[in-house]
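Take a look at the structure set out below.
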Amino acid sequence: MRIHVVNPNTSAAMTETIGRAAAAIAGPDVEVRATSPSMGPASIESHYDEALSVPGVLAEIASSPADGHVIACFGDPGLDAARELADGPVVGIAEAALRCATYLGRGFSVVTTLDRTRGRAWDLVHRYGVAAFCRGVSACDVPVLEVEAAVDAVVAACRAAVAADGSDVVVLGCAGMTAQRAEIEHRVGVPVVDGVQAAVLQVESLVRMGLRTSAVGEFAAPPRKAYAGLLASFATRP
Ligand code: 5HY
């Protein structure tokens, strides 16, 4: 089985971290390939960043043959469009982590990076139908590209969230936190869900069940049409 994991930002070090975490959790018969776009933001910390990451995500999905794909950014950028393009299932790390957390306790807290990204996390909580389980969304106030080296700040934010929200599970709101999941869980004392792990195993299970995105209706291949300017090459897809 081949699983493609796309880091929607263009920071190679983060892609390597994500790829290592994905390969470590995947089954013994699973080959994981982590990629990131050649164009787009170095990190995704705003709606602007997220919007401009999507063409690169779709280019990676379209050019990476695999049995399934993971979009490894907590905003799940381009997820619906990727489902129109890909043959196999596509799962976002926010979607996977938020749903996984509902199996583990009465209510979870999401801890993300910058405060300004909290609203997007709430949007996804509502989109994925888990608002009844979400006790709060807070931020550690560490920029995305610094979060891997800021585990103490993430732990402090997780502890504060559990205390303030009365939650019994934590969801990590950034792919950059993936390597610290076990340490954070040990220091915070509640189950801590990392979306990279959750999404890789969710894709793996869907592929093992022989399941893929429905090609009937909304997620059928996009209709062919002309694309102008910088996006002209996207008209060739699919
Ligand atoms: C992520 N940004 O997982 C998100 C985190 C965030 O570049 N990778 C990013 O704060 O939205």
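The values are calculated or read from the model by the stated rules, or taken from the named source; none is laboratory data. In this text the structure is predicted, and so the values were computed from the model without any measurement. As a convention, Cβ positions derive from the backbone with ideal geometry for all residues, glycine included, and neighbour counts pool all protein chains shown. Each accessible area value is taken on the protein alone, full model and side chains, heavy atoms only, with ligands, DNA and RNA left out. Shrake-Rupley method; radii C 1.70, N 1.55, O 1.52, S 1.80 Å.
Along each principal axis of its Cα atoms, how long is the stretch 90-214 end to end? Whole angstroms, biggest number first, please.
41, 29, 27 Å, listed from the longest principal axis down.
Sorted by mean Cβ packing within 10 Å, highest first, what order do the peptides 79-87, 109-117 take? Spell out each step's value before the answer.
Values: 79-87: 19.4, 109-117: 23.2.
Peptide ranking by packing, descending: 109-117, 79-87.
Which angle from 0 to 90°, rounded to the nearest 10, does the C-alpha axis of helix 118-127 make with the longest principal axis of the chain?
70 degrees
Just to confirm the number: angle between the C-alpha axis of helix 47-62 and the first principal axis of the chain, 0 to 90 degrees, nearest 10?
Between the helix axis and the principal axis of the chain, the angle is about 50 degrees.
I'd like to know how the chain sits against the 2.2 N^0.38 Å rule of thumb: what's its Cα Rg over that expected value? Write down the numbers at each step before the final one.
Values: Rg = 17.1 Å, N = 238, 2.2 N^0.38 = 17.6 Å.
Computed over Cα atoms of the chain, the ratio equals 0.97.
Rg and Dmax of the stretch 1-107, Cα atoms, in Å?
Cα radius of gyration and Dmax of the stretch 1-107 are 13.4, 41 Å respectively.
Given points 7 Å out from each Cα along the Cα-Cβ axis, report the ASP115 to ALA23 separation in nanometres with one decimal.
My value for the distance between the label points is 4.0 nm.
Using a 1.4 angstrom probe with every protein chain in place, what is the largest-first accessible-area order of TYR227, TYR103? Kindly include the intermediate steps, with their values, before the conclusion.
Numbers: TYR227 110, TYR103 180 Å².
The ranking, largest first, comes out as TYR103, TYR227.
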